[in-house]
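Report on one structure; see the data block that follows.
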Amino acid sequence: METKKIYVGSAQCGMKLASDVYDASSRLIVKAGTVLDDTIINKLNIYSVYSINVVVDAIKEEKVEYKNYYERLKETEEFKGFKAKFEESVDGLRSSLNAMVTKNVMVDEDKMLNDVKSVIEANKKGSSMLDMLNCMQGYDDLTYVHSMNVALISNVMAGWLGMSEEDTKILTLAGLLHDIGKVRIPVEIVSKPGKLTDEEYAIIKSHPQLGYDILKDMHIDERIKKAALMHHERCDGRGYPNKLKGDEIDDFAKIIAIADVYDAMTADRCYRKGMCPYTVIGHFESEKSVYDVRYLMAFLERIANTYVSNEALLSNGQQGKIILINKFKLSKPIVMVGNEIYDLSVMKDLEVERLL
Ligand SMILES: [Fe+2]
Ligand SMILES: [Fe+2]
């Protein structure tokens, strides 16, 4: 692989990094192999990186590659408008959460909900909210962007579950506030790249209780407080902090748990081109006992059905069209390849690898 050292000022979208990039205090900020885009170039500038090593033929390689579903979506005006609104709303959320934690300011529910609403409205034209979120790239901001994502995903779930307007508001707020305890944890631990020590992991695991303590005396719905406390509990009793089981966990906390894991799975966006929804569904299907099946299946069924009629690439390299979803194995749809019908649920080694 031929590489070249260039100044960040001459970096261009599409170039591929040949080596890891560190900031002045030796913290990894961008991994080798990352293809540069505007967000990453901006990040290099913010961290005052002087020069980088790039792969010489990277631009050629990128240009011949076929653009997939998410790459095409990212280029639409609709997505660009959505992204701008999203970033503005995350700024609002950041100041609201910080004021609550550091100045003991009471939660301003209307302001917080308006921030979410403006993002939802920026996406009125109909593309799936989850697709939009899957296209967001390169954020290191672990708590605020994630909290906005979880609020938006929960809001979508509320609609799919047929919740009332009032419950939808409360669930959305629960999403915004579920990780507020993390604001109290030193940022070096929350955003540490790589493996945490046992001690650091124990500190991270204190965030549900810390969050509950921040919210407990506020005049907000009890379900919001419980979501902060219980969103890492799991139906099989293997969660934390209190190892609760099944019905002991509040319903809203169970829904937030699904949105939380969904976002965590699709979050490492910097280094790849959008995770295939069927891969995400497959992960959840293998962990059914961990989540409340009523909420989980409602969520997964809707996602699986979104992509009927989409072209897809299969793991054996063949292309086909998704024609039908199998209710009992949502990650393994029926796909038309040429004139043949492939039922992936009975073809063990074959998967939908990505949407085209
Ligand atoms: Fe959490
Ligand atoms: Fe979370």
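Numbers at a glance
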| quantity | calculated |
| --- | --- |
| Residue list for the stretch 175-214, restricted to those being within 12 Å of ligand 2 (Cβ to nearest atom) and small (Gly, Ala, Ser) | 175, 181, 211 |
| Residues being away from ligand 2 (no atom under 16 Å from the Cβ) and of a type outside the set (D, E, K, R) - total across the stretch 220-233 | 1 |
| So residue 28, is it touching a Pro at 6+ places or on another chain (Cβ under 7 Å), at pLDDT 80 or above and not assigned by TED's automatic domain parsing to the domain that holds residue 195 | yes |
| Single residue of the stretch 179-188 satisfying the filter (open to solvent by 10 Å² or more (accessible area, probe 1.4 Å) and under 20 Å from the mean Cα position of the chain (by Cα)) that is farthest from residue 257 (Cα to Cα) | 187 |
| Exclusive hit being more than 23 Å from residue 300 (Cβ to Cβ) and open to solvent by less than 10 Å² (accessible area, probe 1.4 Å), set 176, 171, 196 | 176 |
| Test: residue 200 is in a helix (DSSP H, G or I) and either farther than 24 Å from residue 130 by Cβ or within 15 Å of ligand 1 (Cβ to nearest atom) (or both) | yes |
| Number of the condition not met by residue 205 [criteria: (1) within 30 Å of residue 25 (Cβ to Cβ); (2) touching a helix residue (DSSP H, G or I) at 6+ places or on another chain (Cβ under 8 Å)] | (2) |
| Verdict on residue 216 being farther than 24 Å from residue 176 by Cβ and without any contact (Cβ under 8 Å) to a residue 12 or more places away in the chain | no |
| Subset of the stretch 220-233 [in a loop (DSSP other than H, G, I, E, B) and under 23 Å from the mean Cα position of the chain (by Cα)] | 231, 232, 233 |
| Criterion: over 16 Å from residue 232 (Cβ atoms) and not basic (Lys, Arg) - qualifying residue of 164, 147, 206 | 164 |
| Residue check for residue 157: within 21 Å of residue 232 (Cα to Cα), more than 16 Å from ligand 1 (Cβ to nearest atom) and touching a residue at least 24 places away in the same chain (Cβ under 8 Å) | yes |
| The stretch 119-128 - residue that is on the phi < 0 side of the Ramachandran plot and modelled with pLDDT under 85 and, of those, least open to solvent (accessible area, probe 1.4 Å) | 123 |
| Complete set of residues in the stretch 206-237 that are open to solvent by 40 Å² or more (accessible area, probe 1.4 Å), of a type in the set (Lys, Arg) and at pLDDT 95 or above | 223, 226 |
| Test for residue 323: is it of a type in the set (Val, Ile, Thr), without any contact (Cβ under 8 Å) to a residue 60 or more places away in the chain and surrounded by 13 or more Cβ atoms within 10 Å (Cβ to Cβ) | yes |
| Residue among 217, 247, 236 that is in a helix (DSSP H, G or I) and more than 16 Å from ligand 2 (Cβ to nearest atom) | 247 |
| Test result for residue 278, assigned to a strand (DSSP E or B), more than 16 Å from ligand 2 (Cβ to nearest atom) and under 30 Å from residue 74 (Cβ atoms) | no |
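Residue by residue, here is whether (1) closer than 25 Å to residue 351 by Cα; (2) away from ligand 1 (no atom under 15 Å from the Cβ) holds:
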| residue | (1), (2) |
| --- | --- |
| 212 | no, no |
| 217 | no, yes |
| 233 | no, no |
| 257 | no, no |
| 275 | yes, yes |
| 280 | yes, yes |
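Residues checked against (1) of a type outside the set (A, V, I, L, M, F, W, C); (2) in the same structural domain as residue 162 (by TED's automatic domain parsing); (3) not in a loop (DSSP other than H, G, I, E, B):
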site: 241; (1), (2), (3): yes, yes, no
site: 252; (1), (2), (3): no, yes, yes
site: 255; (1), (2), (3): no, yes, yes
site: 261; (1), (2), (3): no, yes, yes
site: 282; (1), (2), (3): yes, no, yes
site: 289; (1), (2), (3): yes, no, yes
site: 294; (1), (2), (3): yes, no, yes
site: 320; (1), (2), (3): yes, no, yes
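The values are calculated or read from the model by the stated rules, or taken from the named source; none is laboratory data. Everything quoted here is computed from the prediction, not taken from an experiment. All Cβ positions, glycine included, derive from the backbone under ideal geometry; neighbour counts span all protein chains shown. Just so you know, the surface numbers come from the protein's heavy atoms only, side chains and all, with ligands and any DNA or RNA stripped out. Shrake-Rupley method; radii C 1.70, N 1.55, O 1.52, S 1.80 Å.
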